[in-house]
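See structure below.
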Amino acid sequence: MSKIKKTTLSTIAVAASVAIVLTGCGNSTSSNNNSGSSNNAAAGKPVNGGTLTMADTTKWEDMFIPYLNDASPTFAMWELSFEPLMSYDKNLNLTPNIAKSWSYSKNKKTLTIKLDPNAKWSDGKPITSDDVLLFMNFIASPAYNKTFQGDYGYMVQPVVGSADVMSGKAKSFADTGGFKKISNTEFQLNFTNVDAAVLAADVSSYTPLPSHILGKIPFSQWQNMSFDKVPTVVDGAFIPKKVNGQSSITYDANPNYLHGKPHIAHVQLKYVSEDVLPSLIENGQIDMNIEGNNLDTNSFVKMEKDSNLSTEAQPAMSYGYVGMKLNESKFKSVKLRQAMNYAVDKQAIIQGVYKGLGKPAYGPLPYFDWAAAQPSDGMNTYSYNPTKAKQLLNEAGFTIPKGQKYRIDPATGKTAKYTLVYSSGSAEVQSICTAVAQNLQAVGLDVQLGTPLDFNVMLTKLENNSPGLDMFFLANGVGTDPDPRGTWGSNDPQNFGRWVNAKNDALIAETYSAKAFNKTYRKQAFIKWQLNVNQQVPQLFLYDRDDTWAYNKNVHIPASSWIPGGYTGIQNWWISQ
């Protein structure tokens, strides 16, 4: 599977942003001719067969067509079955996948891509240039962007003619000059402008769709058609065979998978509640959690001591935050937002909720990212300092009238009231939000917890800018390329806080400028952007946490499968009987 481009959203953290989960990475070291004998198992050699039962603790939407839904559980579900053009190694460097090679023109505005001639769909048909074009046309279509309110249309915006395709003026990038088919396995993309980020941030995640199956079906019908519910043809490691809505899915190994037929014969994905998942893993009813945010930390710490289980912790490609509706006047003051960041004891949350599996966050990129700005670059860490928070609030005019508990909003002369909303179903999320509210109350801000919402309901409300969500807890996924577009621009679809800042937009533009093809220059551009975000603090940054997994000892996962943000090479996993 792929790393999803930008933000996948979940109750606690985004799973490997376009989660880097499950991609073959083109480096299969397994043989698919193993006989599956007990002698092999005893020797520690892969054997074929068995069923891997995985679980998610947030319901997915039953939408298999890639990028129809934002939520990370949905990504985790379809990423078992669909592959992107390119993948990443353990150092998060771009590697071939369905795309075998690529090269830029001298002016950096044309990208030539050659597909692996061995890449096939599960029905044996070759994956072709037409399949890539179909994905591009879909993700740019009015049906996707308007009717379905899809959030990933920006992935094709740099391509010549994107505005015409998105408006319906043109039906295909093949008609606009944006896409040129050279052969069934080679094509060119032409870009309107030079864009240093477009390959890693966008094109790498283009996910071919079977044009021989879907090519004649109008995009407006895709969301409700049977293929979206149970696709009959896929190019990923596993083929969905039986889908029971949002409760369970059964997959079979794809014999035509590019990186070799998986050793594991079947995968079952089940939805279970977070509070019962640990016991189900411990007693063997569930083999493994599919997302790194499924396990509560107390259970994970306990599982580390269980001799029947293996455990893994990896830095998450995401950070937890509390968003603020900056299009509301109550959040206009920068000093108010800075005060909120000082007022929250982030380290206490990490210790209390995550048992130290994480670090305090103070910016939009995880601390380990190659482009992350550090305190030595001038980043303010906003270490817990309630005295400083009170000072800033007083300076901003948020004072506490005599005899009252909470501060007034200087713009209204009335008590400033804030409602913090979060998704239901996770005791950890509730603990985090309770701690945030209590910390803010301690410096005189009237922050109350709202009624927990179903995650998908909350996400829809945020997308629609519905009232009543002054503050909201989410996690923001960061792609293996840290391109901020899609989330941080003033008009980006996942800018749920509606932060509009011209300087921010200009700094983002510099991160993908012509000069940014030089990685050193690009890193400095990222640092300047982060320093502005760090000063303006449009969010209450909380933590960069670790993702965690626990799995049955009978499930054998090579150490090379684990990378920041998730796992890869599922075709190389095997189960001893």
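Things worth noting here:
- Cα gyration tensor shape for the range 90-228, rounded if a/c is under 1.5, else prolate or oblate: oblate
- Lysine pairs within the range 380-509, Cα separation less than 29 Å, 8 or more sequence positions apart or different chains: 17
- Sites ASN464 and SER560 - FRET efficiency at Förster radius 25 Å, r taken between beta-carbons, to 0.05: 0.05
- Charge dipole (Cα centre; +1 on Lys/Arg Cβ, -1 on Asp/Glu Cβ; no other charges) of the range 433-508 amounts to roughly 100 debye.
- Legend: distances between Cα atoms for LYS146/LYS261; LYS181/LYS229; LYS120/LYS515; pairs beyond 32 Å are LYS146/LYS261; LYS120/LYS515.
- Other-chain or far-sequence residues with amide H under 5 Å of GLN285's (modelled H): none
- Cα shape, the range 395-460, gyration tensor, a/c 1.5 rule: prolate
- Shown is the FRET efficiency for THR399 and VAL457, computed with R0 = 35 Å from the Cβ-Cβ distance and rounded to the nearest 0.05: 0.40.
- Once C-alpha pairs closer than 8 Å and six or more residues apart are averaged by separation and normalised to the residue number of the range 103-220, the relative contact order reads 34 percent.
- Set of lysines with alpha-carbon distance to LYS302 below 18 Å, sequence-local pairs under 8 removed: LYS355, LYS553
- Charges were assigned to the Cβ only: +1 to each Lys and Arg, -1 to each Asp and Glu. The resulting dipole of the chain about its Cα centre is roughly 1300 debye.
- Rounded to the nearest 20 debye, the dipole size of the range 97-205 about its Cα centre is 260 debye, using +1 on the Cβ of Lys and Arg and -1 on the Cβ of Asp and Glu.
- Its relative contact order, with pairs defined as Cα atoms under 8 Å and 6+ residues apart, puts the chain at 24 percent.
- Against the rule of thumb 2.2 N^0.38 Å, how large the Cα Rg of the range 418-577 comes out: 1.30
- Applying 0.36 nm per residue to the separation of ALA509 and GLN221 and subtracting their alpha-carbon distance, the gain on full extension is 100.1 nm.
- Whether the range 491-577 is rounded, prolate or oblate, judged on the alpha carbon gyration tensor where a/c under 1.5 counts as rounded: prolate
- The simple spin-label model puts a point 7 Å past each Cα toward its Cβ; for SER490 and GLN188 those points are separated by 3.5 nm.
- A 1.4 Å probe over all protein chains sorts SER279, SER205 by accessible area into SER279, SER205, starting with the largest.
- For volume of the Cα convex hull per residue in Å³, computed directly from the structure shown, the correct entry in (i) 203; (ii) 141; (iii) 234 is (ii).
- Helix 334-343 vs. the chain, principal-axis angle (Cα, 0 to 90°, nearest 10): 80 degrees
- Across the range 177-247, the relative contact order, built from alpha-carbon pairs under 8 Å that are at least six residues apart, equals 15 percent.
- Karplus-based coupling profile of the range 487-502, in residue order and whole Hz: 10, 9, x, 4, 10, 6, x, 9, 7, 5, x, 6, 7, 10, 8, 4, with θ = phi - 60° in 6.51 cos²θ - 1.76 cosθ + 1.60 and x standing for Gly or Pro.
The values are calculated or read from the model by the stated rules, or taken from the named source; none is laboratory data. Since the model is a prediction, treat every value here as computed from it, not as a measurement. A quick note on method: Cβ atoms are made from the backbone with ideal geometry, for glycine too, and the neighbour counts reach across all protein chains shown. To get the accessible areas, we keep the full protein, side chains included, count just its heavy atoms, and leave off ligands, DNA and RNA. Shrake-Rupley method; radii C 1.70, N 1.55, O 1.52, S 1.80 Å.
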